[in-house]
Amino acid sequence: MTPIARPRALVFDWDNTLVDSWECIQESYNLMFRHFAMPEWSMAETQANVAASMRDTFPAMFGDRWEEARDVFSAGFEAIHLAHLKPLPGAGEMLATLKQAGLALAVVSNKRGKFLRTEAEALGWTGLFDGLVGANDAEADKPDAAPVHMALASSGVVPGAEVWFVGDTPIDMHCAINAGCVPILLRALPPQPGEFDAHPPVRHLLDCGDLAGLVLELSVPISPI
């Protein structure tokens, strides 16, 4: 197992890393597909196809009508996302613990920035983060490193080996490596065969309690013998 050091900062993905979003995402996509008379997605199809931002995926999906698709999706999502908003178990407690331990915290998401910040505010989490960066906020979206630099800009911590990037998908691990950060996979599902061959995580942790526990364990100084 690769040795791992105590981080100075953690950058989190948002959807399905800190909040449970799959039902809302599936419903929003299917509302959009109905508008275009396209086949709807099952949950498995949604989970397999949703990771990159709309500006990186919709032009290929909808061609010249991609901006219309973006607007239809956004309107549908805006109408329902707060009703679906639900933190993953232990997420709030983990964030508070890490903040109290003196670490800088930030979010980089491919959810549009205004929706990301509205959800953080609704959960009472805004003050826990040095930066909340969503799609279209930076010059490029995840997996580009630009949003990581933006998210950490006010923290005084530079992306690198002292920063953990925590997420649940290959695009998160890709972003971590692009930014020179430590890729941490946080989800109950174990890595699937071949899923992370290109951008492997340094650690796989099952839940928020495991993540907080690892950081605190690494934070304890070793007493001299």
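Overview of values
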read-out: Gain on full stretching of the segment that runs from A188 to D20 - 0.36 nm per residue minus C-alpha separation; value: 59.2 nm
read-out: DSSP-defined beta bridges in the chain - what % are antiparallel, rounded to 5; value: 5
read-out: Counted charge near V163, where neighbours are those whose Cβ lies closer than 15 Å (Asp, Glu -1; Lys, Arg +1); value: 0
read-out: Per-residue Cβ neighbour rank within 10 angstrom, fewest leading, M54, M61; value: M61, M54
read-out: Cβ-based exposure ranking for C175, C24, C208, in which fewest neighbours within 10 Å come first; value: C24, C208, C175
read-out: Among H174, H204, H35: highest mean-square fluctuation, GNM of the chain, C-alpha pairs under 10 Å; value: H35
read-out: 5 angstrom amide H check on R203, placed H, neighbours 5+ away; value: L185
read-out: Kirkwood Rh, angstrom, the chain [1 / mean 1/r, Cα pairs]; value: 18.0
read-out: Interchain or long-range residues, amide H under 5 Å from V107's placed H; value: F12, G131, L132, V133
read-out: Taking F36, F196, F77, F12 and counting other C-beta atoms within 10 Å, the order from fewest to most; value: F36, F196, F77, F12
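Each value in this text was obtained by applying a stated rule to the coordinates, not by laboratory testing. All values reported here derive from a predicted model rather than from experimental measurement. We place every Cβ from the backbone using ideal geometry, glycine too, and count neighbours over all the protein chains shown.
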